[in-house]
Every structure is written in C-alpha cells, then in structure tokens.
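As structure tokens, the structure follows; a few thoughts come after it.
The values are calculated or read from the model by the stated rules, or taken from the named source; none is laboratory data. Because the structure is predicted, anything quoted here is derived from the model rather than measured. Cβ placement follows ideal geometry from the backbone for every residue including glycine, while neighbour counts extend to all protein chains displayed. We work out accessible area using only protein heavy atoms, side chains counted, and drop any ligands, DNA or RNA first. Shrake-Rupley method; radii C 1.70, N 1.55, O 1.52, S 1.80 Å.
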Amino acid sequence: MEPLPTNTESLPELFLSEPKRTSSGWKVYFRLIHYALVYKSRLIVAIVLSIIIAFSFGTMIVSLGTAVKLTLYQSPDSQNTILLSNEKDPAIEYAKEIQKWDSDIHKWLGKPPAEWDKSFIRLVERMRKYKLFALSIAIVIVITLTFISGCARFFQEYLAGSVGAFVSVDLSQKMYENIMTQSLGFFESHSSGDVVARFSNDIFMVNRGLSNAFIKVLREPFKALIFLAVAVSVDPWLTLVGVCVLPPLGYTLIHLGLYVRKSVRRSLMKVADIASLINETTRGIIIVKGFQMEDFLKKRFNFEASKLRKFLRKMVKADSATEPITEFILVVGFSGFILFSGYRVIAHRLDIGDLLQVYLALAMILDPIRKLSTVNNLIQTSVASAERVFEYLDLKPDIQNAPHATHLKPLFNHIRFENVSFSYDGKKIVLDNINFFIRHGEKIALVGPSGAGKTTIVKLIPRFYDVNGGAIYFDDMDIRNVTLESLRQQIAIVTQETILFSGSIRDNMTGGDRNITDEQIQEALIMAHAESFVQQMPNGLDSNLGEFGQLLSGGQRQRLALARAILRNPRVLLLDEATSNLDSESEKYIQEALATFLKGRTSVIIAHRLSTIMNADRILVLDYGKIIEEGTHKQLLEQQGFYYQLYQHQFLIQDHETD
C-alpha cells in the first residue's frame, strides 16, 4: 500500500492536480465520430429512418393544416371575413394541381386520365358538409403517420444507440490492448484506481453520451429542418420571426456545454482518486485495522468526496439550467411570433389553415430544439470522458522492439552486465556502473540492504526497464536488439507478492495456452509440492481461486506460483524474495522444489534467508547501487567485510528465529 499523508493540510496539493489537456473538444469529438464510422451501415439506415420520422411528422402537419383549410373555407359573402386571405377556393386550386398530375401520370402510362380532380372535389364537399367525417379523416391521418414514425423511431433508436455502445466497447478493447503494451514503469507510476476508472466510469460516460447523442443528433435535426421547411413554405416572414431566438439560444447552450465538460472531467478525476483510495483500503485492511487508521482514512475519503460533490453539483446545476433557459428563450420568441401572426391574419395575409400549419410546425420545432439542447451537454460529457480514454489510447510504450530486432536464441553461455547504470527518475542513481556475469546454469544470490538495487537488477534482465548506461547481454546479444517475446520466453519470475488471478487453477498455470496438457500441469504441481492441496479442492484444476487467489493460504499461493514457473520450463529463473513471507513448513516445500528445479538452470535469487543464500554458487553484495563484494558464502565470511556484518546482524538472527 502506498504511504499515506500524515497531514490533511497537504491534501489539496496532493489530490487536486489536473493533467494538462492537449486536445480540443472538437478534435476529440471528430475522433469519436471516426470510430463510429466503422458502423456506417447502421448509421446510414438510422439516418434514413430519421428522415422517414421527420417526413411523417411534416406530412402530419401539412395534412392537418390542409384539411382545416379545405373544411373551414369561408366564401366571400361569409360574415366571418376575418379568416379570409383571398377569394379563391383552395379546393379549386388543389384540384387543378391534381388534374395536372393526373394527366401527366396517365399520359406517361398511355392511358386516359382517371379524373382524380373530380373525386377530390367530391371528397372536399363531403368534408365541408359533414364536419365529423372531416375529423375522422384527420384522426386516421394522425394515427397512420404516428404508427409509421413510431416503427421507424424504434429501429432508429436501436441502431443509433447500438453504435454508441459498440464504440464504447471498441474503445475499452483498444485501451486495454494498448495498456498491455506499456512497460512496467507505467503501472508503477499510475494508481490502480485511475486505471480502473478509465475502464468503468469514463467508458460508461462515453457510452451514455454517445448513445443518446447518436439517437438525437441523427433524428432531431431532420425533424427541425422539415418543420422549418413547412413553416417557410407557408409564410417565410412569420417563420423568420419565430426562429430569431436560435442565435442567442445556441450561444447560451455552447457556454453551458463547456461548463459541463469542465465539471465532468474534474468529477471523473475525483472518482479515480476515490477508487484508488478504496483499492488501497481494501488491499491494506489488515494494516488499517491494526494501526487504527480508520478515522484518518475516513477524513481522507470525506475530503475526496466533498470535492466530488462540489464538481457534481456544478454539473447538475448546468444540466438543470439548460432546459429552463431554453424554454424561456423559446417562449419569448414565440410570444413575438404570436403577435406578428395575429397581425398577418387581421391584415388578411394568412388564412386559418396556413396559420395552423405554421403554428404546428414552429410548436413542434420546439421539441427537437429542446432535445438538441440537452444533447450538447451529453456530447460535452462524452468528450470529457473520451479525452481521458484517448490519453491512454495515445500512450506509446517506452520499451519496444528495436526496428531490426532479432530472435534471441536459447541462453547457452552467460548473462553479462557491462557498465550498467540506471535511475528511475533520472535523478537518484539506483545502479552505478556495475559489471558482473552469470554463467549458464549458475545460481546467483543478490544480498544487500533495502534500496541497494537488487530488485532493479531482476527487473532489468527481462527488460521491464531499459538501462540508462551500459548494456545487458545474453550470449553477447544486447537484449535491446532482440525481440521482447523471444527474451521473455526464456525467463520465469516468482515474486515476493504472489500474483494469482481470479479463475481456475488451470488458467493460472497455463496463461491461456491450450497446448499445455493436464499431464504437464500435474508434473509441475508435483515438483512444486502443490499437487496435494490441488487434489483436495472441489473441482481440481478447474477450481476457482477467487480474487488474487484469496481462497488459498499464503504458502499454497507461493507453491502454485512456483509450479507456474516450473511449467514454463525457463532457461532463466528470477526469484525475488520468494520465501520471505512463508512459514517454516511452506518454506521447506519451496526449498525442496527449488533444489530440484534449479539444477543446471540459470537463476538469480534475492533472499534474506540464510539457508537460501548458502546454497548459491556465487553471492553478489550490493550497497548504494554498486557491487562491493563477490564470492561464495565461505569466501565472503573469510573476508569479514560487509557480507560478514550482514551475516552477524541479520542472517544469524533470522536463522535463530526460524529455529
């Protein structure tokens, strides 16, 4: 568990840092669109369905307005002259258009006209005579078009929403693949909470934003354009008055969206901090309980939660203000529209049917505008989350194969460190110009105080890090000039902290390699003295180990980890204090397994146990990143130097405690 701050006053500086953003919102948004274009067939069908929906509503408005115009037409001698816009009967005008279409169509077909114009006139006369019949026709039109638009809307939302979901899954897969290519340094410099938050919260927010945005962005603009076209076709000047509110509305929504984006990004950062804190607490609960750190961690969590509450409150405030502001601006514009339309009707420049069409068109245009106003916030939310996702997608691994890397042949002679220097941060030197070699089949032990550089050597051999100076050779091949795969295929690692994964024993042993047989697994388990407890488990090799192998004891986990290394049959085995936390019985099993397995195998062992060190072929003593002594156990004791002091003050004490 990472060290905790001892003073809560330092928390703001520690937890409120925000990484610098290098990409604009539009750049991120268009990059998301690029991912969506992979599913262009679904998007195209969704757009076609959106057009059908828009035309259904537009046809509904025109049909209702036309029906009202035809049914409620007043002749010039009518007393209700206020509804007049001209003296011509609209039914006659429509009949002339129908007669023209009728003639053109049947002329093209080579048949006499079907007199559709006369049938239309008879229908209009009946509608004027029987108002209930006219109402029935209007209802049929509304129901039919609503059914068509409803079916189209279902498939449009399904297709558009699925694109948003698919893009989110694709992003998570690509992000995971890219993270797997990163060096060990990435994982040691990024908290697990931050990494998990990118996959959970950020991907979820991208999915939520994209799914809703695609549904509405692909549909609502078409509806708005159709409604606008209907209104403009009837009365352009009246329509202009109705839509004059759009520029101030757009300006307001853009600024609210940017505010939401900033709040969302900060909220996601706080969620990542809280996830890290929860992970630290659960992983280190024994220390938390043992050292009575509950109150301190509660204060730390409350501090993080209060910051999260602040950012979420800002985000909710912007979301809550969006629709009321939108509605207010629209109502102000609509009020001006009502006054101007009243003037147009009184001046006999607009009849009741046309007025109804404009009213319906502009009234229905409010719905897509209101929905698009919330879409802006959703887009800004997804952009803020996508920025964090793309930060990980754009990471370049600092440990990669060289352009002309070759395949490394199996180790035959030696591993050689030549003038190797290394620093994690470029400031503090961890290894300082060290030189040594390990013969093939030789067992080397590394000893020294904490921070001397022992674990760093183990990390450099599989090239988890690159040296800052000098070189590491496998049989005279610089490991930077060979492929990582061929290098690491020859190496197995057993660490002090046993790493097992949730899943079956078989999966943990094979790492998904289906070419490994159960017989090979059993042989490795026998060599590691692990077959007895595996056989006692309910499902044998298919038994689930739980998270981090928590269903096993510490000794069982370590033996299983050793069996995994044995199954790999490596040329080089790295043991980083693999027995330091075991009881005497478990250590006995491990030592017996190692004694058999390490024969003739190149191995590097970091250990504090005297029994482990004494069996090494050669011991390297490190201090402050330098090799200060080298030899066998007996030779180093005879020198009575640094190793002799360690032996007297550390190894013997541990040996007596074990006894």
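Could you please find all residues in the stretch 280-300 being modelled with pLDDT of 70 or more and open to solvent by 80 Å² or more (accessible area, probe 1.4 Å)?
Restricting attention to the stretch 280-300, the residues satisfying the condition of being modelled with pLDDT of 70 or more are 294-300.
Listed by number, the residues that qualify are 295, 298, 299.
How many of the residues in the stretch 343-381 are open to solvent by 30 Å² or more (accessible area, probe 1.4 Å) and either of a type in the set (Gly, Ala, Ser) or at positive phi (or both)?
Result for the stretch 343-381: 3.
Just one of (1) open to solvent by less than 50 Å² (accessible area, probe 1.4 Å); (2) under 30 Å from residue 125 (Cβ atoms); (3) at pLDDT 70 or above trips up residue 46, so point out which.
Of the numbered conditions (1) open to solvent by less than 50 Å² (accessible area, probe 1.4 Å); (2) under 30 Å from residue 125 (Cβ atoms); (3) at pLDDT 70 or above, the odd one out for residue 46 is (2).
Residues of the stretch 408-428 being touching a residue at least 60 places away in the same chain (Cβ under 8 Å) and out of contact with any strand residue (DSSP E or B) (no Cβ under 7 Å at 6 or more places or on another chain), which ones?
409, 410, 412, 413, 424 - these are the residues of the stretch 408-428 that are touching a residue at least 60 places away in the same chain (Cβ under 8 Å) and out of contact with any strand residue (DSSP E or B) (no Cβ under 7 Å at 6 or more places or on another chain).
Across the stretch 588-638, what is the number of residues that are assigned to a helix (DSSP H, G or I) and touching a residue at least 12 places away in the same chain (Cβ under 8 Å)?
16
From 185, 164, 150, grab the single residue that is surrounded by 14 or more Cβ atoms within 10 Å (Cβ to Cβ) and more than 30 Å from residue 458 (Cα to Cα).
Values: 185 fails: more than 30 Å from residue 458 (Cα to Cα); 150 fails: surrounded by 14 or more Cβ atoms within 10 Å (Cβ to Cβ).
The unique qualifying residue is 164.
Pull out all pairs, ordered by first then second residue, where Cβ-Cβ is under 8 Å, the residues are six or more apart or on different chains, the first lies in the stretch 191-213 and is touching a residue at least 60 places away in the same chain (Cβ under 8 Å), and the second is not in a helix (DSSP H, G or I).
What qualifies is 191/2.
Filter the stretch 188-221 down to the residues that are charged (D, E, K, R) and open to solvent by 30 Å² or more (accessible area, probe 1.4 Å), then identify the one that is nearest to residue 150 (Cα to Cα).
Going through the qualifying residues, I end up with 216.
Among 81, 59, which is at pLDDT below 80 and among the β-branched types (Val, Ile, Thr)?
81
Of the residues 339, 362, 356, only one is part of a helix (DSSP H, G or I), out of contact with any Cys (no Cβ under 6 Å at 6 or more places or on another chain) and closer than 18 Å to residue 250 by Cα; which? Don't jump to the end; show me each part of the working.
On the way: 339 fails: closer than 18 Å to residue 250 by Cα; 356 fails: closer than 18 Å to residue 250 by Cα.
Testing whether each residue is part of a helix (DSSP H, G or I), out of contact with any Cys (no Cβ under 6 Å at 6 or more places or on another chain) and closer than 18 Å to residue 250 by Cα leaves just 362.
Could you go through the stretch 490-505 and let me know if any residue there is at pLDDT 80 or above and either of a type in the set (Gly, Ala, Ser) or surrounded by fewer than 16 Cβ atoms within 10 Å (Cβ to Cβ) (or both).
Checking the stretch 490-505: at least one residue is at pLDDT 80 or above and either of a type in the set (Gly, Ala, Ser) or surrounded by fewer than 16 Cβ atoms within 10 Å (Cβ to Cβ) (or both).
If you scan the stretch 392-420, which residues turn out to be of a type in the set (Phe, Trp, Tyr) and closer than 27 Å to residue 438 by Cβ? Full working, then the answer.
Narrowing the stretch 392-420 to residues of a type in the set (Phe, Trp, Tyr): 392, 412, 417.
If the condition is that a residue be of a type in the set (Phe, Trp, Tyr) and closer than 27 Å to residue 438 by Cβ, then 412, 417 are the ones that fit.
Of the residues in the stretch 427-464, how many are β-branched (Val, Ile, Thr) and over 27 Å from residue 398 (Cβ atoms)?
Taking the stretch 427-464 as the starting set, the residues that turn out to be β-branched (Val, Ile, Thr) are 429-430, 434, 438, 444, 447, 455-458, 461.
So of that shortlist, the ones also over 27 Å from residue 398 (Cβ atoms) come out as 444, 447.
The qualifying residues number 2.
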